[in-house]
Amino acid sequence: MPLRRRKAPAPPRSDRERTVFFASDLHGSQVCFRKFVSAAKFYGADTLLLGGDISAKVVVPIVTTGPGRWVAQFHGREEKIDDSTVADFEQRAANSGLYTERMDPDEYQHYAGHPDRVEELFGRVMRRTVQQWVEYAKTKLDGSDVVIFNAPGNDDPKEVDEVLLTHGDGRVRFTEGEIVELAPGMEMLSTGYTNITPWDTHREYPEDEIRLHLARMTGRLEHPGRAIFNIHVPPYNSRLDTAPLLGQDLKVNTSAGAQVTAPVGSVAVREAIEAVQPLLSLHGHIHESGGSVKIGRTTAINVGSEYGEGVLRGVLLTIGDGKLLRYQAVTG
């Protein structure tokens with residue numbers, strides 16, 4: 001589906017008004033990241049918010065089988081590649097959220113026999129890819145005032161932080177645990193802290209630790225009722241956190257042939273929203289639970305994700321004078 005322009009031009013804005021584009025859970029999809037960067041010009045957004053989980057989850061080996069010949073797996077299907085198609089394969093993989101690495105058979109066997117070294121490979125490819133993304137954004141946004149604010153997600157290893165902090169150069173800002181001012185009186189709180197999941201990912205914490213982390217940040221807000229929460233995990237039992245319920249074998253539970261679902265968000269995040277009542281709370285993490293709800297006076301949004309299909313899901317927000325003036329979900 002093509003990205004849709006707003007049907008009418010936006011009314012004149014005050015210095016305290018911002019148009020913000022928010023997306024989350026790109027999981028290594030190059031095409032989704034490029035669409036995200038392009039959203040600044042396409043929608044006239046002043047600010048881009050990236051809500052976490054920019055990292056892919058898998059490295060696909062592209063193994064040489066002879067001069068000019070390669071073999072690789074793409075979503076469980078073996079593909080035979082030659083020098084004329086290997087770049088196209090790498091592009092397709094990148095767009096669907098897969099990292100790739102070319103290697104000879106001996107290297108492949110080394111990684112297959114040493115699973116602990118696979119983590120090193122993943123880290124190296126991930127750092128290289130994230131740095132390429134940052135350089136792409138810096139080039140495309142050069143000459144504008146647009147800044148990308150990125151909070152991590154639970155699937156982002158700490159090496160992501162290092163790349164963003166080292167190479168962002170003010171154009172891409174890593175904001176874990178920070179309060180930043182998007183406009184006068186418009187503060188944003190960001191964190192990728194996530195409650196415990198079955199997957200044992202990088203930034204999972206007990207609810208008490210999340211509660212303390214959020215309290216430290218909310219206590220620094222000067223205008224809590226006008227604040228924006230940029231928190232990767234959605235609030236518990238909010239309809240923004242409904243996911244398939246897994247058994248101990250990590251398989252989806254079913255009943256009468258249908259998936260059993262349950263709320264899996266954070267209790268501490270819900271408590272913080274209810275206590276502080278920020279203007280807006282932005283989330284991702286649960287890809288299939290995109291939508292918006294009211295929690296008291298707070299508008300809470302999970303933007304959802306379809307990164308595997310190369311589809312960018314986002315929300316365009318206009319905020320001014322302490323109010324959420326309008327918002328629109330967009331897909332493209």
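The values are calculated or read from the model by the stated rules, or taken from the named source; none is laboratory data. Note that the structure is a prediction, hence the values are computed from the model and not measured. We place every Cβ from the backbone using ideal geometry, glycine too, and count neighbours over all the protein chains shown. Side chains included, ligands, DNA and RNA excluded: accessible areas come from the protein's heavy atoms. Shrake-Rupley method; radii C 1.70, N 1.55, O 1.52, S 1.80 Å.
Report the calculated FRET efficiency for Leu250 and His75 (r = Cβ-Cβ distance, R0 = 25 Å), to the nearest 0.05. Each step should come with its number before you reach the end.
Working: r = 19 Å, r/R0 = 0.78.
Once rounded, the FRET efficiency stands at 0.80.
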For this session: Could you run the Debye sum over the Cα atoms of the range 150-239, one equal point scatterer each and no solvent, and tell me log10 of I(q)/I(0) at q = 0.13, 0.24 Å⁻¹, two decimals?
Result: -0.47, -1.28
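Nothing charged except the Cβ atoms of Lys and Arg (+1) and of Asp and Glu (-1): what's the magnitude of the dipole of the range 174-332 about its Cα centre? Round to the nearest 20 debye.
Working: 13 positive and 18 negative charges, 109 e Å.
Taking the Cα centre of the range 174-332 as origin, the dipole is about 520 debye.
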For this session: Quick one: pull the percent of accessible area on the chain belonging to carbon and sulfur, 1.4 Å probe, ligands and nucleic acids left out.
Result: 49
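Given 0.36 nm per residue, what is the gain on full extension from Glu288 to Arg326 after removing their alpha carbon distance, in nm? It would help to have the intermediate numbers written out before the result.
Numbers: separation 38, 0.36 × 38 = 13.68 nm, distance 2.34 nm.
Result: 11.3 nm gained on full extension.
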Exercise. Once the Cα atoms of helix 115-140 and of the chain are each reduced to a long axis, what angle between those two axes, in degrees from 0 to 90 to the nearest 10, is obtained?
Worked result: 60
For this session: Counting only heavy atoms of the protein chains, get the accessible area per residue of the chain (1.4 Å probe) and round it to a whole Å² value.
Result: 47
Exercise. P(r) of the range 72-160 in 5 Å steps, Cα pairs, percent per bin?
Worked result: 2, 10, 16, 21, 20, 14, 9, 5, 2, 1
Problem set entry | For the chain, alpha-carbon Rg and Dmax in angstrom | 20.6, 64
Exercise. Based on Cβ point charges of +1 for Lys and Arg and -1 for Asp and Glu, what charge dipole magnitude is obtained for the chain about its Cα centre, in debye rounded to the nearest 20?
Worked result: 1620
Problem set entry | Rg [Å, one decimal], Dmax [Å, integer] - the range 170-327, C-alpha atoms | 16.2, 54
Exercise. On full extension of the chain, what length is gained from Glu159 through Glu107, given 0.36 nm per residue of separation minus the C-alpha to C-alpha distance?
Worked result: 16.4 nm
Problem set entry | Only Lys, Arg (+1) and Asp, Glu (-1) charged, at Cβ; the range 56-164 dipole about Cα centre in debye | 200
